Each structure stands twice: as structure tokens, then as C-alpha cells.
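One structure below.
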Amino acid sequence: MIAINLLPVKQLKKRYEIRNEVALYVIILIGLVLIMSGITLSTMHTISTLKKENAVLSKKKASYQPILNQIEKLKKDKAKKEKKLEVIKQLKTGSLSMVRILDELARITPVGRLWFNNLSVSSTQVKVTGIALDNATIAQFMNRINSSRFFTGSELARTSLVRVAQANLKSFSLTIGIKRPSTGSDQKGKKKGRK
């Protein structure tokens with residue numbers, strides 16, 4: 001007897017392959033969904049943790065804010081006091097140098113031969129107008145200025161003949177350069193160099 005197979009084998013095989021492919025795609029899709037869900041949950045957990053840490057740090061920062069404000073105020077106060085100290089130091093240096101300049105001018109002025117009419121002092125120079133007995137007295141005064149340790153030199157602006165109490169005298173105008181005062185550390189270095 002002859003057996004005839006009436007079952008559609010090719011169709012069954014195709015259905016079986018399609019079913020396997022669909023199952024594989026479904027499994028891959030479920031796997032991807034699970035992986036994405038895991039990543040999403042992990043990211044949400046990290047975000048939640050970071051938000052909590054941020055809230056804790058914000059509270060800590062708020063608790064430190066009065067101290068930070070106080071530090072800022074102290075910095076401003078320190079800057080103001082340093083500015084005031086610098087002004088006091090400059091005034092002290094300026095007043096000491098002014099006294100030294102005036103003392104030096106009094107010391108090098110030829111007594112009874114030269115008189116000042118006007119004297120003005122700035123931070124870099126002294127302007128002097130006065131009367132001298134003659135040109136030689138003015139030259140002697142300028143030489144003394146040039147050899148002084150407080151001055152950088154002198155420049156004669158003008159001279160003219162003037163009659164005072166029936167005598168012919170010389171009126172003059174000088175500009176004298178002032179040496180910058182040395183700081184304490186410079187003076188210490190000079191003293192060490194001398195020893």
C-alpha cells in the first residue's frame with residue numbers, strides 16, 4: 001500500500017520558522033525594554049540621591065552664610081585699615097622728609113648772604129625764590145645743594161638785579177630736585193654695607 005502525506009510540510013516548516021523569528025524578536029524587545037528600564041531606574045535613583053545631597057549641602061551652606069558674611073566684612077575692614085595705615089605711613093614719611101628738607105636747606109644756606117622770599121615744596125622738587133648779595137653766593141648755594149644727600153641737583157630759572165635799601169642785590173629763582181626717601185630695608189642694607 002502506498003502512503004500519501006497530505007500534511008502541508010512546507011507550510012508547517014515556514015510557520016515554525018516565522019514563529020521562532022517572532023519569538024526571538026519578542027525576547028530581544030523584552031530584553032531591550034528591561035535594560036532601558038534598568039538604566040532609567042538607575043538614573044532616577046542617582047538623580048534622587050543627588051537632589052538629596054544638594055538639599056543637605058544647601059542647608060549646610062545656609063548655616064555657614066553668617067560666618068561667610070562675617071569673613072567678608074572682616075576682609076573689607078582689613079582692607080580699609082591697611083589703606084589707612086598706608087596713608088599714615090606716607091604722611092609720616094612725608095613729614096619726616098619735609099623736616100629733613102627744610103633742615104638741610106637751612107643748613108646749606110649762606111648765613112647773612114642769601115635770603116628766601118618764597119619756598120614751595122612738592123613730592124619731587126622744591127622751588128625757591130630769594131635775594132642774594134651776588135652771583136657768587138648763588139653759585140655757592142647751588143654747589144652746596146648739588147653735594148647734599150637730600151637733593152638730586154638744582155636748576156637756576158632766572159636771576160635779575162634788584163635794588164634793596166640802596167644796595168644792588170641779585171634776585172634769583174631755583175628749582176631743586178628731591179631724592180626719594182629710602183625705606184627701612186634700604187637703610188639696613190646700607191648699614192650692613194658700611195660694616
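Rounded to the nearest 20 Debye, what is the dipole magnitude of the chain about its Cα centre when Lys and Arg each give +1 and Asp and Glu each give -1 at the C-beta?
Values: 37 positive and 12 negative charges, 132 e Å.
The calculated dipole for the chain is roughly 640 debye.
No solvent, one uniform scatterer per C-alpha: report log10 I(q)/I(0) for the chain via the Debye equation at q = 0.11, 0.16 1/Å, two decimals.
-0.80, -1.09
Which of the residue pairs Lys92/Lys179; Lys51/Lys73; Lys92/Lys127; Lys127/Lys179; Lys127/Lys170 have a Cα-Cα distance greater than 25 Å in the structure shown?
Details: Lys92/Lys179 16 Å; Lys51/Lys73 32 Å; Lys92/Lys127 22 Å; Lys127/Lys179 14 Å; Lys127/Lys170 17 Å.
From the list (Lys92/Lys179; Lys51/Lys73; Lys92/Lys127; Lys127/Lys179; Lys127/Lys170), the Cα-Cα distance tops 25 Å for Lys51/Lys73.
Please state the charge dipole magnitude for the range 63-140, taken about the Cα centre, from unit charges on C-beta atoms (+1 on K and R, -1 on D and E), reported in debye and rounded to the nearest 20. Display every interim value, and only then the final one.
Numbers: 14 positive and 7 negative charges, 109 e Å.
Here the size comes out at about 520 debye.
For the range 38-102, report the translational diffusion coefficient in µm²/s to the nearest whole number, using Stokes-Einstein at 25 °C, 0.890 mPa s, and a Kirkwood Rh over Cα pairs. Can you show the working numbers first?
On the way: Rh = 16.7 Å.
Here the translational diffusion coefficient equals 147 µm²/s.
Using label points projected 7 Å from each Cα along Cα→Cβ, tell me how many nm separate Lys10 and Arg107, to one decimal.
12.9
For a quick check of your reading of the filter: which trypsin sites (Lys or Arg not before Pro) in the range 84-172 sit in a DSSP loop and have no more than 16 other Cβ atoms within 10 Å?
For trypsin sites (Lys or Arg not before Pro) across the range 84-172 that sit outside H, G, I, E and B with at most 16 neighbouring Cβ atoms in 10 Å, the list reads Arg113, Arg149.
From the C-alpha gyration tensor of the range 88-182, pull out the three semi-axes of the equivalent ellipsoid (sqrt of 5λ each), sorted largest to smallest, in whole Å. Working shown, then result.
On the way: eigenvalues 142, 30, 25 Å².
With the √(5λ) rule applied to the range 88-182, the semi-axes are 27, 12, 11 Å.
Can you tell me the orientation of helix 184-194 relative to the chain, as the angle in degrees between its alpha-carbon axis and the longest Cα principal axis, to the nearest 10?
Helix 184-194 sits roughly 60 degrees off the main axis of the chain.
What residue among Lys61, Lys83, Lys179 has the largest mean-square fluctuation in a Gaussian network model of the chain, using Cα springs under 10 Å?
Judging by the Gaussian network model, the answer is Lys61.
What angle do you read, to the nearest 10 degrees and between 0 and 90, between the alpha-carbon axis of helix 9-108 and the longest principal axis of the chain?
10
Return Ile131, Ile176, Ile47 ranked ascending by Cβ neighbour count within 10 Å, so the fewest neighbours appear first.
Ile47, Ile131, Ile176
Relative to the present Cα-Cα distance, how much length would full extension add between Ala139 and Gln166 at 0.36 nm per residue of separation? If you can, show how the numbers build up before the last one.
On the way: separation 27, 0.36 × 27 = 9.72 nm, distance 2.34 nm.
7.4 nm is the gain from fully extending Ala139 to Gln166.
Quick note: the coordinates plus some simple rules give every number you see, no bench work behind them. This one's a predicted model, so the numbers in the text were calculated from it and none came from an experiment. Cβ coordinates were reconstructed from backbone atoms using ideal geometry, including for glycine residues, and neighbour counts include every protein chain displayed.
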